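The structure appears below as structure tokens.
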Amino acid sequence: MAVVRRFVLALVVGLIWSTLLGAQTPVPPTGTITGRVVDATTQQPVADVNVFVEGTRRGAVSGADGSFTIGGVPAGSQTVRARRIGFSAPVQIVVVPTNGTTSVIFAVDRQAVSLEDVVTTG
């Protein structure tokens, strides 16, 4: 019986200790970036554009209506880039509020893409 009491006491002390240590690691404040990607000339939505926050692993791909949502973005000033082959890659600096949402609209221009010739021999 004494062994069970010591085990329960050690378990309770361990749980309290781990809770106190866990409270010392604060989670950095985050926010959300939402927006749309449109063609600069026609104002039509552009799908499949990679929109990402530089310096982080946060990003999203625009849907058929050009909209995107990036969650878990660190609060503060962030550099956001929209990129797709055949279009310009605009950059915007946005301020992400803590536990809030900011909205961005990217207007992309069509650009010609030239590929290099590849020669294979067999």
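The values are calculated or read from the model by the stated rules, or taken from the named source; none is laboratory data. Values in this document were obtained by computation on a predicted structure and should not be read as measured data. Positions of Cβ are backbone-derived with ideal geometry, glycine not excepted, and every protein chain shown enters the neighbour counts. With ligands, DNA and RNA removed, areas are computed over all heavy atoms of the protein, side chains included. Shrake-Rupley method; radii C 1.70, N 1.55, O 1.52, S 1.80 Å.
For every residue, the table says whether it meets (1) under 18 Å from THR30 (Cα atoms); (2) of a type in the set (Lys, Arg).
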{"residue": "ASP48", "(1), (2)": "no, no"}
{"residue": "ASP65", "(1), (2)": "no, no"}
{"residue": "VAL80", "(1), (2)": "yes, no"}
{"residue": "ARG84", "(1), (2)": "no, yes"}
{"residue": "VAL95", "(1), (2)": "yes, no"}
{"residue": "GLY100", "(1), (2)": "yes, no"}
{"residue": "ALA107", "(1), (2)": "no, no"}
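Total residues in region 94-121 satisfying the condition of being assigned to a strand (DSSP E or B) and among the hydrophobic types (A, V, I, L, M, F, W, C): the figure is 8. Any chance region 9-31 includes a residue that's touching a strand residue (DSSP E or B) at 6+ places or on another chain (Cβ under 6 Å), of a type outside the set (Lys, Arg), surrounded by 13 or more Cβ atoms within 10 Å (Cβ to Cβ) and in contact (Cβ under 8 Å) with a residue 60 or more places away in the chain? Yes: one or more hits.
Listed here are the residues, each with its yes/no results for (1) part of a strand (DSSP E or B); (2) within 14 Å of the chain's Cα centre (by Cα).
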position: VAL4; (1), (2): no, no
position: SER18; (1), (2): no, no
position: THR34; (1), (2): yes, yes
position: GLY63; (1), (2): no, no
position: THR69; (1), (2): yes, yes
position: GLY72; (1), (2): yes, yes
position: THR79; (1), (2): yes, yes
position: GLN92; (1), (2): yes, no
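Residue count for region 32-41, restricted to those that are more than 21 Å from PRO97 (Cα to Cα) and either in contact with an Asp or Glu (Cβ under 6 Å, 6 or more places away or on another chain) or open to solvent by 80 Å² or more (accessible area, probe 1.4 Å) (or both): 2. Are any of the residues in region 94-112 aliphatic (A, V, I, L, M), over 18 Å from THR69 (Cα atoms) and open to solvent by less than 100 Å² (accessible area, probe 1.4 Å)? No, region 94-112 contains no residue that is aliphatic (A, V, I, L, M), over 18 Å from THR69 (Cα atoms) and open to solvent by less than 100 Å² (accessible area, probe 1.4 Å). The residues of region 79-91 that are open to solvent by less than 50 Å² (accessible area, probe 1.4 Å) and farther than 12 Å from PHE106 by Cα, listed by number, are THR79, GLY86. When the residues of region 56-78 are filtered to those that are charged (D, E, K, R) and under 29 Å from GLN44 (Cβ atoms), which remaining residue is surrounded by the fewest Cβ atoms within 10 Å (Cβ to Cβ)? In this case the residue turns out to be ASP65.
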